[in-house]
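Chemist: Questions regarding the structure given below will be posed in turn.
The values are calculated or read from the model by the stated rules, or taken from the named source; none is laboratory data. Everything numeric in this text was worked out from a predicted model, so none of it was measured. All Cβ positions, even for glycine, are placed from backbone atoms using ideal geometry, and neighbour counts span all protein chains on display. These area figures cover heavy atoms from the full protein model, side chains too; ligands, DNA and RNA do not enter into them. Shrake-Rupley method; radii C 1.70, N 1.55, O 1.52, S 1.80 Å.
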There are 2 protein chains.
Amino acid sequence: MRVFICGFGTVGQGFAEVVARKQQYFVDKFGQDVRIVGVMDSKSYTVDPEGIDPLELVSRKQTTRRVGDETYTVSTEVLDKVDYDVLVEVSPTDVKTGGVGLINIRHALSNGKDVITVNKGPLALKFRELIDLAKANRCKFRFEGSVGGAMPIINLCRESLAGENIKSIRGIFNGTCNFILSKMDKGQPFEQALKEAQQMGYAETDPTNDIEGYDSACKVVILANSIFGKDVTFDDVQITGITSITEEAIALAASRNMVIRLIGEVSENKLEVSPRLIPKGHPLGISGTLNTAQILTDLAGPITVSGRGAGRLETASAVLSDLIAIMDERRREA
Amino acid sequence: MRVFICGFGTVGQGFAEVVARKQQYFVDKFGQDVRIVGVMDSKSYTVDPEGIDPLELVSRKQTTRRVGDETYTVSTEVLDKVDYDVLVEVSPTDVKTGGVGLINIRHALSNGKDVITVNKGPLALKFRELIDLAKANRCKFRFEGSVGGAMPIINLCRESLAGENIKSIRGIFNGTCNFILSKMDKGQPFEQALKEAQQMGYAETDPTNDIEGYDSACKVVILANSIFGKDVTFDDVQITGITSITEEAIALAASRNMVIRLIGEVSENKLEVSPRLIPKGHPLGISGTLNTAQILTDLAGPITVSGRGAGRLETASAVLSDLIAIMDERRREA
C-alpha cells in the first residue's frame, strides 16, 4: 500500500509515526506493508517509490523544518512524480477557498487515487463535488478525522448504525470552547479562561475560529453532507459563539443544576451552532477538551460518543482507521 | 435472507418489528428482503419457508402468549424443520448452564448457519468453544447486543478501532444499578431507590443479578473474550455489588465533587466489577439508566460510548446492526 502524505505538520507527522508503529499489524492483517512513497509540506517534498522511513521523515522535519530537499511551486506536479494508492491530505485547512488541500484532493481523485483527509476546508466547501468526483472515478474517499478527531462518528454512523434512521446529531465539536466553558463553571471569567487555553496550547493566538463557533460550524456542515445527505456549506449554518457568555449566565445555570455548552446540531431541518443549557450528568455536559456527540436514532434511541478532538496521534488514529477500512475494502474486492 | 428467531420475548418481538420496519432498507441496500422463516418461544413454534409476517407474529404472541400452534420438547428438532441462513438466538439467558440458548447456538453453528445472539449466558460460559465452532464451520457469529444493548461497543472495537491497541475498557454495564445510584445522588436511600427501580420496571422482583454485579460481570467476561482475546468465564471476575453503598458514602463523594458508579473493568491483567469514585463531569459519571464504556487505546486515547442498555427496539437495533454486517459480508463474498 503506497501512501502520499500532503501536509507534514502535527497530523502528518503523527500519521508517519503511526505507520511506523503499526507496520506489523498491516503485515499480519493484510499481508502487505504500508509505504510512504511521497511527502510534501508547504515548501518542500521528497519522493521514493521504494518507500521512505517514516521516523526519518519526522526527525528530518523536526530538525530542518522541511520534509525534503526539493522545493516546488505547483503541488499537483509533485503528486505526479511518484505512483501511489492513497493520498493522505492533512495540509493546513483553509475554510475560505479550500486552499491547496482542495486542489490536491481534486487532483488525486481525478487520477483514480483513493483519498483520506482531515482537512475541513475542502469538505465544508465542496463536499458534493468531491463525493461525485470520487464516485465517477471509483475512488474511496474517507474523512473520519475531520469531525471530532479521534472521536468515532462518521464511520460509526455510516457503518455500525447503517440500518438506523438518524434523526439528529448534537455535539461538542470544539475542545477549546469546552475547556473555556469548563473553567468558567469553576468561576473563572471568560478572558482568563481563554488566556489559560492559549497557555495550554489549546487555543490559537487568534482564537476567533474556535470561540466564534466557526470551527464547530464546519463540522456540522460535514456531518450534514456526509450523514444526512445534504448539500450545504458553511453559510447555511446559524452560528452563535461563546464570547458573550457571562459569569452570571454560568452561575444562573449552575443554580438550576445545569452547565452551558457550545452545541452543534444537525437534523433534517436544522443546522446550528449555539450555546445551550445542558443538565449536569447528561452525556453532553462533560468538562474539559473532549469532543462529544449524541446521535439520535429511530431504533437505538440516543447514542453518545466522545473522544479527543485534536492531538498528534489522536487525529492520526482517525486517518489510520480510514486507511484500514480502505485496505479491507480493497482486499475484499481483489 | 432467511432468519430463524429463538426466543420471542421483548427482544425477539422487537426484532420482528424491526424487520418489518426496515424491509425497504434491505431491498434498497442488498437487493433482497429479510424473511422470518421460523420462530420459537419456550413452548411453541411456527415455521414457513415462504416467510411469516413479522407483525402478525407479534400480535399473535401478545394475544395468545404463544407464537405458534405447534408445541415441541426438543428445540434443535424445531430448528431442523426449515432451512434458514441466520439464527437469531434471543431466548432468556441462563448464566449457570447456558440453557437452551447454548444448545441452539451450538446446533446452528454445527450445521453451518450464521448466528446472532444477545444471550449472555452462552457467551459468558462457552465463548471459546462457540468461536472455534463458528470458525470450523465458516460461520459468522455476532453478539453486539450482549453488552450494553444499543450502545455500540464490540463491533466498534473490532472494526472502527481495529488498528488500535486497546489497553482497557471501563464502563457502566447495568442500567438498573446506575438508576439506583443516580437516585441515591439525590438523597434517596438504597432501599427506596431500588423500590423505585422495580416500580419503573428496570429491576426484577429478585434484583440480585443486577445489584450484586453479576450481570455486569457477564458483560466484562464477553468483552475480555471478544476484544482482549482471553479465555475467561464468570468465575474469573472479582465482583462487588452496590448493596453496601450507604447514603454517607454518597454524601462524602459528593462533598469531593464525585459520584459513585458501579464500574466493570477489563484489561490485560484485570477483570473486575466494583463501585468506584468518579469525578462529576467525567464521561463515566453519567446519571440514569444509560450504559457507558470508556475504551482506552494506544493512539486515540480514551474513547467513550454510551447508549440504552436495554429495551425492546434498542436491543433489537444491535441485532439489526449484526444482521446488516452479515448481509454486507455475504454480499462481498458472493
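Chemist: Work out the mean other chain Cβ neighbour count within 10 Å for the residues of A:146-153 and drop it here as an integer.
Modeler: 3
Chemist: Please report, to two decimal places, log10 I(q)/I(0) for the stretch B:18-161 at q = 0.10, 0.15, 0.21 Å⁻¹ as given by the Debye formula with identical point scatterers on the Cα atoms and no solvent.
Modeler: -0.37, -0.86, -1.52
Chemist: Can you quote the Å³ per residue value for the convex hull of the Cα atoms in the stretch A:288-334, rounded to an integer?
Modeler: Here the figure is 79 Å³ per residue.
Chemist: Would you calculate, for the protein assembly as shown, the mean residue ellipticity at 222 nm contributed by helices, counting each DSSP H stretch of 4 or more residues as -39,500 (n - 2.57) and dividing by all residues, to the nearest 500?
Modeler: -12500 deg cm²/dmol
Chemist: At a threshold of 8 angstrom on Cα-Cα distance, excluding pairs fewer than six apart, so keeping six or more, what relative contact order does chain B reach in percent?
Modeler: Taking the mean separation of contacting Cα pairs over the length of chain B, I get 19 percent.
Chemist: How large is the dipole of chain A about the Cα centre if only Lys and Arg carry +1 and Asp and Glu carry -1, each at its Cβ, rounded to the nearest 20 debye?
Modeler: 480
Chemist: Now, a different point. Take the cross-link list B:Lys81/B:Lys113; A:Lys167/B:Lys219; A:Lys29/B:Lys135; A:Lys183/B:Lys186; A:Lys29/A:Lys135; B:Lys140/B:Lys167 and give me the ones stretching past 19 Å between alpha-carbons.
Modeler: Flagged as over cut-off: A:Lys167/B:Lys219; A:Lys183/B:Lys186; A:Lys29/A:Lys135; B:Lys140/B:Lys167.
Chemist: Right, next: Mind checking the dipole of the protein assembly as shown: about its Cα centre, +1 per Lys or Arg Cβ, -1 per Asp or Glu Cβ, Debye to the nearest 20?
Modeler: 260
Chemist: What percentages make up the Cα-Cα pair-distance distribution of the stretch A:5-61 when the bins are 5 Å wide from 0?
Modeler: The calculated distribution, bin by bin, is 4, 20, 31, 24, 13, 6, 2, 0.
Chemist: Bin all alpha-carbon pair distances of the stretch A:166-233 at 5 Å intervals from 0 and give each bin's fraction as a whole percent.
Modeler: 3, 17, 23, 19, 13, 10, 9, 5, 0
Chemist: Turning to a different aspect of this structure: Could you work out how far the C-alpha centroid of the stretch B:171-219 sits from that of the stretch B:35-72, in angstrom?
Modeler: Here the answer is 33 Å between Cα centres.
Chemist: Using a 10 Å Cβ count of at most 13 others and DSSP loop calls, identify the longest part of chain B lacking such GluC sites (Glu not before Pro).
Modeler: B:51-203
Chemist: Under a 5 Å amide H to amide H cut-off, with H placed in plane at 1.01 Å, what residues pair with B:Thr297 once short-range neighbours are removed?
Modeler: Long-range HN contacts for B:Thr297: B:Lys167, B:Ile303.
Chemist: Work out the P(r) tail for the stretch A:269-311: percent of alpha carbon pairs separated by more than 12 Å, whole number.
Modeler: 70
Chemist: Kirkwood hydrodynamic radius of the stretch B:2-97 from all distinct Cα pairs, in Å?
Modeler: For the stretch B:2-97, inverting the mean 1/r across all distinct Cα pairs yields 13.5 Å.
Chemist: Quick one: Debye curve from the alpha-carbon atoms of the stretch A:241-334 only, equal weights, vacuum; give me log10 I(q)/I(0) at q = 0.11, 0.16, 0.23 Å⁻¹ to two decimals.
Modeler: Taken in order of the listed q values, log10 I(q)/I(0) reads -0.50, -0.88, -1.22.
Chemist: Among A:Ser75, A:Gln32, A:Ala108, flag the residue with its Cα farthest along the positive direction of the charge dipole of chain A, charges on Cβ as +1 for Lys/Arg and -1 for Asp/Glu.
Modeler: A:Gln32
Chemist: I need the phi-derived Karplus couplings for the stretch A:37-49: 6.51 cos²θ - 1.76 cosθ + 1.60, θ = phi - 60°, integer Hz, Gly and Pro marked x.
Modeler: Along the stretch A:37-49, the couplings run 9, x, 9, 9, 10, 5, 10, 10, 8, 8, 9, 7, x Hz.
Chemist: Within 10 Å of each Cβ of B:325-333, how many other protein chain Cβ atoms are there on average?
Modeler: 2
Chemist: Let me ask something else. Take chain A, connect every pair of alpha-carbon atoms lying under 10 Å apart with a spring to form a Gaussian network, then pick out the residue of A:Met40, A:Met258, A:Met200 with the largest mean-square fluctuation.
Modeler: Ranking A:Met40, A:Met258, A:Met200 by mean-square fluctuation puts A:Met200 first.
Chemist: What are the distances, in nm and sorted shortest first, from the label point of A:Asp235 to the label points of the same position in each other copy, with each label point placed 7 Å from Cα along the Cα-to-Cβ direction?
Modeler: 7.0
Chemist: Rg to Rh for chain A: what is it, with Cα atoms only and Rh by Kirkwood?
Modeler: Rg divided by Rh gives 0.98.
Chemist: Counting trypsin sites (Lys or Arg not before Pro) as exposed when in a DSSP loop with at most 15 other beta carbons within 10 Å, what is the longest stretch of chain A free of them?
Modeler: Answer - A:257-334.
Chemist: In square angstrom, what is the accessible area per residue of the protein assembly as shown with a 1.4 angstrom probe?
Modeler: 40
Chemist: Take every residue in peptide A:164-175, count the Cβ atoms of other chains within 10 Å of its Cβ, and give the average of those counts.
Modeler: Across the residues of A:164-175, the mean count of other-chain Cβ atoms within 10 Å is 1.
Chemist: If amide H atoms are built 1.01 Å from N in the plane of the peptide, which residues on other chains or at least 5 residues away come under 5 Å of the amide H of A:Arg2?
Modeler: Amide H neighbours of A:Arg2: A:Arg35, A:Asp85, A:Val86.
Chemist: Provide Rg and Dmax in Å for the stretch A:29-68, with only Cα atoms included in the calculation.
Modeler: 11.4, 36
Chemist: If you don't mind, another one. Given a 1.4 Å probe and every protein chain left where it sits, what share in percent of the accessible area of the protein assembly as shown is carbon and sulfur?
Modeler: 46
Chemist: What are the ³J(HN,Hα) couplings of the stretch A:20-36, residue after residue, when phi is run through the Karplus curve with 6.51, -1.76, 1.60 and θ = phi - 60°? Round to Hz, x for glycine and proline.
Modeler: Working through the residues one at a time gives 5, 6, 9, 4, 5, 4, 4, 5, 4, 7, 10, x, 8, 8, 10, 10, 8 Hz.
Chemist: Nearest 100 Å² is fine: how much accessible area is buried between A and B, summed over both sides, with a 1.4 Å probe?
Modeler: Answer for the A-B pair: about 3100 Å² buried.
Chemist: Give me a comma-separated list of calculated 3J(HN,Hα) values for the stretch A:234-250, in order, Karplus coefficients 6.51, -1.76, 1.60 applied at θ = phi - 60°, integers in Hz, x for any Gly or Pro.
Modeler: After applying 6.51 cos²θ - 1.76 cosθ + 1.60, I find 3, 5, 7, 8, 7, 10, 10, x, 10, 5, 9, 7, 9, 4, 5, 4, 4 Hz.
Chemist: Shifting gears a bit: So what is the orientation-averaged projected area of the stretch B:152-292, using the convex hull of its C-alpha atoms, in nm²?
Modeler: Mean shadow area of the hull around the Cα atoms is 8.6 nm².
Chemist: Per q in 0.08 Å⁻¹, report the Debye log10 I(q)/I(0) for the protein assembly as shown, using one uniform scatterer on each alpha carbon and no solvent.
Modeler: These q points yield log10 I(q)/I(0) values of -0.63.
Chemist: State the Cα centre-to-centre distance between the stretch A:230-263 and the stretch B:261-334 in whole Å.
Modeler: 29
Chemist: About the Cα centre of the stretch B:1-66, what is the dipole size in debye to 20, counting +1 per Lys and Arg Cβ and -1 per Asp and Glu Cβ, all else neutral?
Modeler: 240
Chemist: What residues qualify as long-range amide H neighbours of A:Val118, i.e. H under 5 Å apart, gap of 5 or more or another chain, H built at 1.01 Å from N?
Modeler: Under 5 Å from the amide H of A:Val118 lie the amide H atoms of A:Glu89, each far enough along the sequence or on another chain.
Chemist: Restricting everything to alpha-carbon atoms, can you work out Rg to Rh for the stretch A:144-198 with a Kirkwood hydrodynamic radius?
Modeler: Value, to two decimals: 1.17.
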